[in-house]
1. Between rounded, prolate and oblate, where does segment 624-683 land on the alpha carbon gyration tensor, with a ≥ b ≥ c its root eigenvalues, rounded for a/c under 1.5, else prolate if a/b exceeds b/c?
2. Report for segment 661-803 the percent antiparallel among DSSP-assigned beta bridges with both residues inside it, nearest 5.
3. Can you give the FRET efficiency to the nearest 0.05 for ASP716 and ALA13, using r as the Cβ-Cβ distance and R₀ = 51 Å?
4. Would you list which lysines come within 24 Å of LYS346, measuring only between C-alpha atoms, while excluding same-chain residues fewer than 8 positions from it?
5. Which of the aspartates and glutamates could be linked to LYS838 by a straight reach, that is with a Cα gap under 14 Å, when you skip same-chain ones fewer than 8 residues away?
6. Over all directions, average the projected area of the Cα convex hull of segment 114-206 and note it in nm².
7. Using only protein heavy atoms and a 1.4 Å probe, report how much of ASP633 is accessible, in Å² to the nearest 10.
8. Using alpha-carbon positions, what is the distance between the centroids of segment 747-784 and segment 496-532, in Å?
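The values are calculated or read from the model by the stated rules, or taken from the named source; none is laboratory data. What you see is a predicted model, and the numbers here were worked out from it, not measured in a lab. Cβ atoms come from the backbone with ideal geometry, glycine included; neighbour counts cover every protein chain shown. Areas reflect the complete protein model, heavy atoms only, side chains present, ligands, DNA and RNA absent. Shrake-Rupley method; radii C 1.70, N 1.55, O 1.52, S 1.80 Å.
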Amino acid sequence: MPELDSTRQRLLALAQQGKAALTNHEPDRARAAYQEALHLAQRQNDYLAAAAVHNLLGEVHEGAGRYQDALGQYEAAAQALSRERTGRDTVAVDETLARLRAGEKGFAGNTGLPVSADLQRGEVDDLAALLRLPKARAKAELMVLSIINIGNMYLQQSQYDLAEARYFEALRLARQHRLPERPQQLLTNLAWSAIKSGHLELADSRLDSVLAAVASPAPLALRRAMLALAVNLREQQRYAAALAHFEQTLPLYRAAQDERGYCRALTALAATHALAGEFEKARDRYRAALAANQSVQDQETEWQAHGGLAICLHHLAELEPALQHYDRYLTIVEQIGGNFATDQGKTSFLENQDKMFEDYARAACQWAQQRGDWGLARAAIERVRGRALQSLQRARLHVPPRPAGRLPAAYVLRSGEPAAWPNQSMMVQMAVGVASPAVGEAEDFPLQELPPELQKMAAGVPARAQESDSAAADSPARPALTFLEYYVMAEQTVILVRRANGEIRGAIAPVHADSLAALVQEYAQALAVQAARGLSFERQVVPSASAQNTPRPREERVIAQQLHRLLIAPMREFLPAETHAALVIVPHRALWSLPFAALRDEHGRYFSDQHVLSYAASFASWQILAGQPRPADQHNVRAWVVGNPRLPAAAEACGFVLRMQPLPGAQQEAEAIAKLLGNKRSRLFTGSQADRLRLEAWHADYTLFHFATHGFACADDPLSSFIVLSQLEAGEMAFDSANARLALRDDDRLAITLENLPAAEAQHPELVPSYPGLLSARTIINPARFNFKADLVTLSACQTGLGKLLSEGMIGLSRALLAAGARSLLVSLWRVDDEATKELMIAFYREYLRHGNKGLALQQAMQHTRQRHPEPKYWAAFTLLGMVE
């Protein structure tokens with residue numbers, strides 16, 4: 001086959017050009033050469049070569065810190081191999097791909113400094129030699145290399161379970177196909193995964209299996225395992241032993257002429273000196289790593305070394321140069337974080353920087369105190385606060401809403417995928433928010449049809465907007481409000497006030513993170529809010545011993561006044577004096593769980609009586625909301641009101657079996673609110689009519705949503721937090737074949753037009769047995785499912801403001817709704833009382849319809865509810881996130 005041979009020769013020449021360009025630090029030229037090689041391979045249906053080149057393209061993206069784009073290329077390589085069928089086809093690619101699609105990304109975070117790893121990469125060192133192997137052998141080798149690289153990219157995003165599953169899959173294939181070098185390499189990567197996730201004994205066990213029979217000195221091929229051993233000893237605080245192993249390891253990298261690995265090893269050695277308190281030695285090692293990295297340009301070395309050097313200089317009281325290095329470190333981290341295309345990846349990566357972020361904020365606060373300018377501290381803290389949510393919000397600004405009243409037919413057809421937007425990428429099925437890059441550069445693997453902006457997002461091109469872009473030309477002027485902001489550190493809490501005139505004031509509260517969290521927890525116990533709104537639950541796991549025998553808390557009033565003294569009194573003189581003046585609270589850590597409205601001053605006055613309160617994840621996040629035109633005010637709302645849906649008897653979620661009782665008070669609440677709004681401005685859905693299907697189809701047409709139902713927050717899996725709507729059975733849905741429309745048999749309002757209905761099913765489609773009723777944060781945050789243009793979303797249900805608490809904020813329903821376009825949210829912090837909640841909500845909407853200010857309406861509703869239910873547990877659960885007006 002001379003044509004194939006000549007094509008292969010051209011392909012190999014292009015691969016050599018790409019490799020030379022990478023050596024000369026010309027990634028754009030390398031990418032162009034590899035892209036041309038990929039097109040050649042695809043035109044010839046040469047899927048082995050295509051898989052190899054996808055790996056080379058992934059290497060380019062990985063070197064630039066674009067881990068999500070690299071992951072897309074590595075997954076494309078694995079998918080390409082499913083097209084290559086060898087004679088016996090001993091590589092069960094389809095089964096392997098099915099296993100790779102299993103699992104879901106989560107939100108991970110570590111408590112210490114981020115650990116830099118020198119992972120074994122699935123590098124295509126000699127493409128010509130690889131392609132000369134027998135096809136079955138080459139296919140097995142390429143599949144293992146691709147899966148190694150996929151695992152590495154998940155590890156870079158702190159998705160430890162997903163990374164390890166891929167390493168074990170590659171290990172299984174390597175042993176099955178007798179690839180002799182790969183098992184040790186994979187066990188080394190598994191050891192790095194255990195170190196990064198804090199499982200140090202497991203790392204020891206894995207490294208023992210690699211290094212147990214190794215003679216001294218260790219062979220060069222095991223240098224990464226030796227480095228992992230040194231780092232693991234460091235993480236166990238065995239600094240002397242770690243330093244001794246570093247002395248053995250660094251010469252291996254030198255001898256192997258592995259410059260990138262040497263830079264990372266130097267950085268790891270510097271971190272060991274720093275953790276041992278030897279800051280001068282650490283400073284010198286970090287500087288040596290940065291000097292060596294000038295010719296390598298390894299991004300991970302650069303941000304690790306700048307961050308570590310900043311810490312050293314901070315400890316050595318060289319504050320100004322420390323801040324310069326912090327700034328350089330943060331610039332690189334922002335660049336890497338900006339390249340992540342999924343919320344879990346971005347959030348987990350940033351969460352693993354939290355210790356560094358805190359050190360940066362601490363140094364900035366010290367600098368601010370020396371200079372007498374708290375604006376410096378606030379600028380630093382704002383820079384590290386709520387970054388992932390801001391990315392989601394900005395991306396949504398550029399996503400056009402789906403036409404109201406339409407849904408893809410696949411949602412409701414038995415032959416379709418009712419629970420997910422169709423997409424062929426492995427990554428998309430595990431990602432939420434901005435879709436994965438999939439294989440956007442490979443014309444052989446097209447994406448499904450999506451709206452243009454979703455195509456960009458699914459191709460790994462997040463719609464990024466500068467802050468100035470967030471305000472539309474016809475947006476109203478941003479109101480001048482006062483912000484009360486917190487940043488909780490290990491040993492102290494920073495309190496900042498940004499006054500309406502832009503003046504910044506600050507103070508340090510002498511309360512550390514653990515004490516503050518314990519105080520907030522004690523206050524929750526004192527409120528005695530365990531009684532659920534028609535909801536009981538049974539654990540599927542045994543409670544920990546620490547959760548039993550909890551000491552009896554002090555009186556609620558005493559704790560509320562203590563919290564007021566710590567968190568509010570130091571800055572009280574800088575807060576607005578008028579009781580109707582708006583105050584935006586920006587919490588941090590445990591303070592997200594604190595009802596500021598119920599805190600009391602020394603005279604017993606509630607904080608909510610002195611200010612109109614609302615909450616924001618960050619000032620920048622608030623600005624994005626404020627920059628958008630208000631979709632409706634109290635005069636022209638279009639409301640979707642839900643009350644007491646038909647409930648399942650029980651549901652399993654988050655390790656619990658949830659037993660749900662009907663909510664007659666919620667139904668009365670919804671009926672009363674719909675009556676207040678009037679038939680022209682609202683639609684009421686109760687019982688079996690309160691379904692999720694029509695909400696998904698028609699939500700873009702509505703500006704106010706009220707859900708009076710059950711809700712549950714899942715701390716371990718925050719995207720599984722949910723509210724309950726009615727599940728629809730197939731017999732309750734009627735299809736009009738003449739118009740391709742779907743309606744409920746007992747409620748013909750808001751029929752749904754089905755898009756992309758297969759011709760074979762146009763007359764008699766076979767519908768799914770049921771359409772789910774639980775509406776999770778995972779579904780809400782998916783841009784293909786929900787894109788609200790809502791002025792207000794009220795979740796009159798239990799715990800809807802809670803979830804997984806990270807430094808980024810509270811991950812759960814409230815964050816999902818903000819990311820999905822809601823301008824304001826009214827959510828709860830605990831399991832609420834049915835009767836008191838009904839009274840509060842009716843009072844809230846009565847006041848809201850009178851003057852249109854949501855924050856003031858909530859203040860007045862709390863005061864009204866307090867007349868019959870004076871205890872804070874009855875009226876202080878609800879918080880307003882977002883815009884106060």
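1. Verdict is oblate for segment 624-683.
2. 70
3. E(calc), rounded to 0.05, equals 0.45.
4. Filter leaves LYS105, LYS196, LYS355, LYS456, LYS804.
5. GLU669, GLU671
6. Result: a mean projected hull area of 5.8 nm².
7. 50
8. 44
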